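What follows is one structure encoded as structure tokens, with my remarks underneath.
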Amino acid sequence: MSRTVAVFSKHSTSLLNKLRELLPSLVFVEVLPSDLSPLKEAEIIVGDYNLIAPHLYQLPKLKWVQGTWAGLDSLWPHIDRQAPPKFPITRTSGENFGTLMREYVIANMVFWERNYFKAIENQKAKLYDRDVSPNDYRSIADLKVAILGVGSIGSIIGRSLKGLGATVYGMGRRATIPLEAPENAYLEKYYTKTGLGHLLSSVDYIVNVLPKTPETTNILGNGMLKHCKNKNVVFINIGRGNVLTELELVQALNEKWISGAILDVFEKEPLPQESQLWTLPNIFITPHISGNSRAQDIAEKFRINLARFEKNEPLVNQVDFDKGY
């Protein structure tokens, strides 16, 4: 008997096509906002958290949810931490997002250091100016980079930067990690939150990949970025916007604690039109697209977890309701 899986996603058409292509023996049923009946009968759901979360406690047959995103912001408001769901919820995260996000980081570093953003403006003005890119720009091999959050995504970014010659430092929640282990060989040094100030004073780029948890909220706030002053430090945020308030980020830029910012996530999303960030110099803004949830990646994550689910094995990227990710 074929297993039926409910699919509830903003991009259900492309996702259904990839799921059916990858797992033709399964029956995938699309859930529409106008007809939620497939949810009531589903044992397995693949879907967007914002669509599924309001219904999680009303689905008695549900045994597993495969989420389409890595971030859980839209899930938590619907979760009772004292009585979380008894079925597993798994995130689409790991190598696929790490691959996409490392490309975002490296591309933006190159564009920033070589002043290619100005070259784009020159193109619009039909201005051919070879001096737009300084001869003494920093290559990636010249850079010292702090990765805040050295989990699966941060490690992929760090290894790639190391492969291009950068010196890479990491910060995480674990008290210590074995730097001699092959999986950590890309790190020059590892820090915890207590050493964050020293870490920030030692680097040229800060790449934030931290998830949104109570422990990471305002971790770069309260003047922490003062440690970067006079270091020509660039802040790249592809994690979450809770690590410091917009007001403090604006202050850090205005007072030149940091020289610039490449921002894909924000304290408030969508970024309001009245935000000062839109008009500040030395900022590049993208609308939370550094690592999109691609249909082929979601389908592959589901395939891997389905095999484990069928064998009653631990699922990959299962949400830990205590840790918050």
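The values are calculated or read from the model by the stated rules, or taken from the named source; none is laboratory data. All values derive from a computational prediction rather than experimental measurement. A quick note on method: Cβ atoms are made from the backbone with ideal geometry, for glycine too, and the neighbour counts reach across all protein chains shown. The area values use the complete protein model at the heavy-atom level, side chains included, leaving out ligands, DNA and RNA. Shrake-Rupley method; radii C 1.70, N 1.55, O 1.52, S 1.80 Å.
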Open item on the list: Of all residues being touching a residue at least 24 places away in the same chain (Cβ under 8 Å) and of a type outside the set (G, A, S) in region 192-204, which is surrounded by the fewest Cβ atoms within 10 Å (Cβ to Cβ)? Just the residue, please.
Closed with: H198
TODO: Would you mention how many residues in region 23-40 are within 21 Å of A307 (Cα to Cα), open to solvent by 70 Å² or more (accessible area, probe 1.4 Å) and in contact (Cβ under 8 Å) with a residue 12 or more places away in the chain?
DONE: 1
Open item on the list: Given the criteria out of contact with any helix residue (DSSP H, G or I) (no Cβ under 7 Å at 6 or more places or on another chain) and not assigned by the TED database to the domain that holds S152, does Q251 qualify?
Closed with: no
TODO: Go through region 217-234 and give me each residue that's open to solvent by less than 10 Å² (accessible area, probe 1.4 Å) and either of a type in the set (A, V, I, L, M) or under 23 Å from S93 (Cα atoms) (or both).
DONE: L220, L225, V233, V234
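Can we say K118 is in the same structural domain as G163 (by the TED database) and on the phi > 0 side of the Ramachandran plot?
no
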Task: Close pairs (7 angstrom Cβ cut-off, 6 or more residues apart or separate chains): over 18 Å from T216 (Cβ atoms) and touching a residue at least 60 places away in the same chain (Cβ under 8 Å) in region 156-179, part of a helix (DSSP H, G or I) and open to solvent by 60 Å² or more (accessible area, probe 1.4 Å) anywhere - done: I156/E95; I156/R102
Task: Within region 127-160, considering residues that are modelled with pLDDT of 95 or more, assigned to a helix (DSSP H, G or I) and of a type in the set (G, A, S), the one most open to solvent (accessible area, probe 1.4 Å) - done: A141
- [ ] Tell me, please, whether a residue that is among the hydrophobic types (A, V, I, L, M, F, W, C) and outside any helix (DSSP H, G or I) can be found in region 292-305.
- [x] no
Open item on the list: I'd like the full set of residues that are open to solvent by 40 Å² or more (accessible area, probe 1.4 Å) and either small (G, A, S) or closer than 30 Å to R303 by Cα (or both), limited to region 107-125.
Closed with: A107, A125
